[in-house]
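Data first, discussion second: the structure below is written as structure tokens.
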Amino acid sequence: MTSDAELLYAWRDGNARAGEELFARYYPLIDRFFSNKVSEDPGDLIQKTLEACVQGRDRIDEGRSFRSYLFAIAYNVLRRYLRERYQCREQELSSRSIHDIAPGPSTLMAESEQTRLLALALRRLPLKLQVVLELRYWEDMSSPEIESMLGTNASTVRTLLRRGRKQLSEVLGEVNARPEILEDTVSNLDAWVEKLRAELRKKESG
């Protein structure tokens, strides 16, 4: 399969089909990024993300992954949307959850009770922690990619991941769920994160 870098270079050289292939490759991932954070069709946010990518394609630093660049744009689009739609200040986005800022069901659908519980709990984390956990566990993004996406350093990413996992376990204990389901989800968190990721990808391919 042609690498992201190869497609990006070809796109920059005027190969429109290479750009289309990049977008086709990443559209489902960007859709998934927005789906557990908004209560309406994320199509407009996806479109704004792709448009910003087109405008900035020649400014992607050499050696930076296209994926981290694209998710950085998506994160900025999301924050701008939340500020404008819900009259939030930027500092609120660091400490408040999607559940608090934009109450309402997400557009993300999961099959099993455990994975629905996990998706619900993620929405109750501070936004940055939710984003970091989802990128790490749903998208298999490496720490360097997350560092690049957030514009931070390795130590900060490790701290965010550790804090996010701790708060996720705490939130799972607070949401309404049958005791046996809750115990199984908390004790097998990694397995349920993997199952949720598999369910989402199955839904996309189906």
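Of note:
- The residues of the range 139-166 that are farther than 22 Å from residue 69 by Cβ and at pLDDT below 90, listed by number, are 165, 166.
- Scanning the range 60-70 turns up one or more residues that are within 23 Å of residue 198 (Cα to Cα), open to solvent by 30 Å² or more (accessible area, probe 1.4 Å), in a helix (DSSP H, G or I) and at pLDDT 90 or above.
- Scanning the range 16-59 for residues that are in a loop (DSSP other than H, G, I, E, B) and among the aliphatic types (A, V, I, L, M) turns up just one, 38.
- For residue 124: the one exception among (1) modelled with pLDDT of 90 or more; (2) open to solvent by less than 50 Å² (accessible area, probe 1.4 Å): (2)
The values are calculated or read from the model by the stated rules, or taken from the named source; none is laboratory data. Because the structure is predicted, anything quoted here is derived from the model rather than measured. Don't worry about glycine lacking a Cβ; one is built from the backbone with ideal geometry, like all the others, and counts go over all protein chains shown. Surface accessibility is based on the protein's heavy atoms, side chains included, excluding ligands, DNA and RNA. Shrake-Rupley method; radii C 1.70, N 1.55, O 1.52, S 1.80 Å.
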